[in-house]
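Asker: Questions regarding the structure given below will be posed in turn.
Any read-out appearing in this document is the output of simple, stated calculations on the displayed coordinates, not a laboratory observation. What you are looking at is a predicted structure, and each value in this text was computed from that prediction instead of being measured. Methodologically, a virtual Cβ is constructed for each residue, glycine included, from the backbone with ideal geometry; neighbour enumeration extends over all protein chains shown.
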Amino acid sequence: MAEQSMRRKIRATELMNKIMSDYFYGLHEAATTGKRKVAWCTSVGPAELLRAMGFAVHFPENHGAMLGSTRMSTEFIPVANASGYSPDICSYLTADIGSWMKKITPLTKAYPGIDSVPKPDVLVYNTNQCRDVQDWFSWYSKELGVPAIGISSPKNVNEVTEGQIDDVTRQIEALIPTLEGITGNKLDMDRLRDTVALSKECSELWRKVLETAMASPSPLTFFDGTIQMGPAVCLRGTQEAIDYYKVLLAELEERIDAGVAAVEGESLRIYWEGMPVWGRLRQNSELFATLRTTVLASTYCSSWIFPSFDAKDPIRSMAKAYLELFIVRSDAYKEQYIKGMLEKYRIDGIIYHDAKTCPYNSNNRYGLPQRVEAATGIPSLVLSGDLNDLRCVSDEQTKTNIVAFVEQLQERK
Amino acid sequence: MRAASTNTSSAFVGLDMGSSRSKVVVIDQSGRLLGHAVRKSGIDFSKTARLCLDTALAMAGAEFGDIAHAIATGYGRGNVGFVTDANKTEIGCLARGGHHFFPEAITVIDIGGQDNKVIKVGAEGQRLGFKMNRKCAAGTGAFLEEMSARLDVSLEEMNDLARAAREMIKLGSYCTVFSATEVLESIRHGKPVSDIVKGIFYSMIRRVLEMDSLTERVVMTGGVVEHNVYMVEMTAEIIGRSVLLCEHPQLVGAMGAALYARDEHLSASAATETQSNRGE
């Protein structure tokens, strides 16, 4: 059987491509005509606030992922390295800055007529992702002469405390005067409430989409998820994202009703912890499909579920939602979270991606795999690689590791 | 290939197509080693596999047509389609082969040409987990080859040189290139070659031991330990207990592949027989 035929394509993707296209052309129009101000925002930065204030919002991490999945990152990372940005730091950052230096973007090929990422009027970060996002935006701030403002989040959060929520709430509020100065308009709290309500609905639908993978066989894979999350990342707080996930959810529920598997003959269920290897999505997806193994749930895709958004208390609930992000949390919390996911999705084995340039998303480095395996008996595998820097990826070693892991799991069945 | 013959004189073949060396074994139904061959893998895996196979079959007194089933493993396992389209990872084959020689709960340490593996195997032969070295070559056979060239001594001489050492230099780096620099520094300071070689052995063992914890019983496999038994003795000293070694440590992966071939053939034959008895 041909490898490709074992993976089923999602029909709704065509619609997603259309709304993502509209989004990027909208950004381009905002940046080139000046009709709307453009804000760059980290992936779990205060996008709700920016959107409510009328900004067109660009997410550089999304651009980083595009550079990775097109493998253009391999051309641009060395450019940033040569300018003083180490090969050991975030390869989203190095790929994106290198791309800017070379004046080339994958957006041009995907969306003819777009010759650049949208030039920003303001850069807004939240260090809940990592400190690198602040350094990343600082570079652009100097390069383009626009302000970089943001939120400094605590790290290693076990239980999110009221004090931490107070702190981040104040930091979000402190952004508002600067942003109002850029747009020339006061923040409309009703509009913010509406935006938070839309984000909440998007988040709930995205959760339902991911939870369809609880079915056996699973109707979607982690690799599908990394593509389907586009609207949850770039368009949360909009009606378009909500409308899309309703369509996607209906298709996946239809698959469940009909017993249709994302991977034909699913015999093993795998959890993926860590970043995707963007430049190897297809290869990895096909490899697992030929092994009749479904990688079906992940921390990564689940990180865009924000249960705490609350339109009644928008700013404070944003603060809480951003603080509850997995990446900000303590190892003790992460261990409990992963154990819960293994049980929820009835997982046979867990793969940790040790991404060379992303320590914050490489949760294998402080003994977590050993602790989880000892507690659950579920075998684990650590894959050395990277999200964007393919110099850190050995295809043959990756393949041997994955095939041997699947052999090991099959022997247990 | 899977021949129709199920007679007890059938030969089962395992081919371990490593990045550095290709190993082929021929066994009988009882798992007895009848023939074997090892060659440099070179650039034509298919040709090397055939040459090894011919040698191993000749040693076994068997012919190509006697092969009931064959399985390939190792880096070049996909390149020997002329004899088999079935393959297993070297990790599975090392576990299978290691447990064949030492049927108890073991940790297999394999030092290969390009990578190292630490594989945990349960008492019943079930795989419990494994680790492969990260991207760096330090601690692998490739590292030893690099150092052999730097010191201008052959690979064959290294075991005796290490054993003759009075002292040992220390190599601190993960990196093969940095380690080579450290070796050059020792040469520059006039350290005896034997002390340098022993230091290289020690460094390789450290790189492997830091990959994973070990269980009580430890088995070492691979060409590096087959040709450098002193490294096994050093490992035993470092971990404070004896290390198990079979007669041909380099052939353990190929043996595992051959045993898988035998098992698959026998279960396929048993299934055919059951169907015949049912008149299906």
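Asker: Could you run the Karplus curve 6.51 cos²θ - 1.76 cosθ + 1.60 with θ = phi - 60° over the stretch B:88-93 and give me ³J(HN,Hα) per residue in whole Hz, x for Gly and Pro?
Answerer: Each residue of the stretch B:88-93 in turn: 9, 6, 5, 5, x, 5 Hz.
Asker: Using the Kirkwood radius over Cα pairs, work out the Stokes-Einstein diffusion coefficient for the protein assembly as shown at 25 °C and 0.890 mPa s, in µm²/s as a whole number.
Answerer: Once the numbers are plugged in, D ends up at 88 µm²/s.
Asker: Take the Cα pairs of the stretch A:192-412, get the Kirkwood Rh, then feed it into Stokes-Einstein at 37 °C and 0.692 mPa s and tell me D in µm²/s.
Answerer: Result for D is 182 µm²/s.
Asker: Quick one: which residues, 5+ away or cross-chain, put their amide H under 5 Å from the amide H of B:Leu244? H built at 1.01 Å from N.
Answerer: Close amide H contacts, sequence-distant or interchain: B:Val218, B:Val219, B:Met220.
Asker: Return one number: the angle in degrees, 0 to 90 and rounded to the nearest 10, between the long axis of the Cα atoms of helix A:239-258 and the longest principal axis of the Cα atoms of chain A.
Answerer: Its long axis makes an angle of about 10 degrees.
Asker: Now a separate question. Give me the three principal axis extents of chain A from the C-alpha atoms, as integers in angstrom, largest value leading.
Answerer: 64, 47, 41
Asker: Further, regarding this structure: Any chance you could check the Cα centroid distance between the stretch B:140-167 and the stretch A:30-77 for me, in angstrom?
Answerer: Each part's Cα centre sits 55 Å from the other's.
Asker: Return the tail of the calculated pair distribution for the stretch B:1-136, meaning the percent of Cα-Cα pairs more than 20 Å apart.
Answerer: Considering the stretch B:1-136, 47 percent of its Cα-Cα pairs are separated by more than 20 Å.
Asker: In addition: About its Cα centre, how strong a charge dipole does the stretch B:107-244 have in debye, to the nearest 20, once Lys and Arg get +1 and Asp and Glu get -1 at the Cβ?
Answerer: For this selection, approximately 440 debye.
Asker: Now, a different point. In vacuum, with every alpha carbon of the stretch A:1-125 counted as one equal point scatterer, what does the Debye formula give for log10 I(q)/I(0) at q = 0.11, 0.12, 0.15 Å⁻¹? Two decimals, please.
Answerer: -0.44, -0.52, -0.78
Asker: Mind checking the angle between helix A:60-69 and chain A's longest principal axis? C-alpha axes, 0 to 90 degrees, to the nearest 10.
Answerer: 40
Asker: Measuring from label point to label point, each 7 Å out along Cα→Cβ, what is the A:Lys344 to A:Asn158 span in nm?
Answerer: Placing both labels 7 Å along Cα→Cβ, they lie 2.3 nm apart.
Asker: While we're on this one: Given 0.36 nm per residue, what is the gain on full extension from B:Leu128 to B:Cys175 after removing their alpha carbon distance, in nm?
Answerer: Taking B:Leu128 through B:Cys175 to full extension adds about 14.0 nm, to one decimal.
Asker: Over its Cα atoms, what ratio of radius of gyration to 2.2 N^0.38 Å does the stretch A:167-249 give?
Answerer: So the stretch A:167-249 has a normalised radius of gyration of 1.40.
Asker: Give me the three principal axis extents of chain B from the C-alpha atoms, as integers in angstrom, largest value leading.
Answerer: Dimensions of chain B along the principal axes of its Cα atoms: 79, 38, 29 Å.
Asker: Using only Cα atoms, locate the centre of the stretch B:180-205 and the centre of the stretch B:53-67, then give the distance between them in Å, rounded to an integer.
Answerer: After rounding, the separation between the Cα centres reads 43 Å.
Asker: With N residues in the stretch B:141-216, what two-decimal value do you get for its Cα radius of gyration over 2.2 N^0.38 Å?
Answerer: Here the Cα radius of gyration is 1.08 times the empirical estimate.
Asker: Over the alpha-carbon set of the stretch B:107-244, work out the extent along each principal axis and list the three values in angstrom, largest first.
Answerer: Rounded to whole Å, the extents work out to 51, 29, 22 Å.
Asker: Additional query: As an exercise, identify the trypsin sites (Lys or Arg not before Pro) in the stretch B:9-113 lying in DSSP coil whose Cβ has no more than 13 other Cβ atoms within 10 Å.
Answerer: Sites meeting the loop and neighbour criteria: B:Arg32.
Asker: So, one more: On the Cα set of the stretch A:82-195, report Rg and Dmax in Å, please.
Answerer: 17.0, 48
Asker: Let me ask you something else. Working from Cα positions, state the angle (0 to 90°, nearest 10) between the long axis of helix B:141-151 and the longest principal axis of chain B.
Answerer: Once rounded, the angle reads 40 degrees.
Asker: Here is a further query. What does the charge add up to near B:His227, with Lys and Arg as +1, Asp and Glu as -1, over the other residues with Cβ less than 12 Å from its Cβ?
Answerer: Summing Lys/Arg as +1 and Asp/Glu as -1 gives -4.
Asker: I'd like the distance between the alpha-carbon centres of the stretch A:311-338 and the stretch A:94-132, rounded to an integer number of Å.
Answerer: Between the Cα centres of the stretch A:311-338 and the stretch A:94-132 lies a distance of 27 Å.
Asker: Using the Karplus equation 6.51 cos²θ - 1.76 cosθ + 1.60 (θ = phi - 60°), what ³J(HN,Hα) coupling, rounded to whole Hz, does each residue of the stretch A:21-37 give in order, writing x for Gly and Pro?
Answerer: 4, 4, 4, 5, 5, x, 4, 4, 5, 4, 6, 8, 9, x, 5, 10, 6
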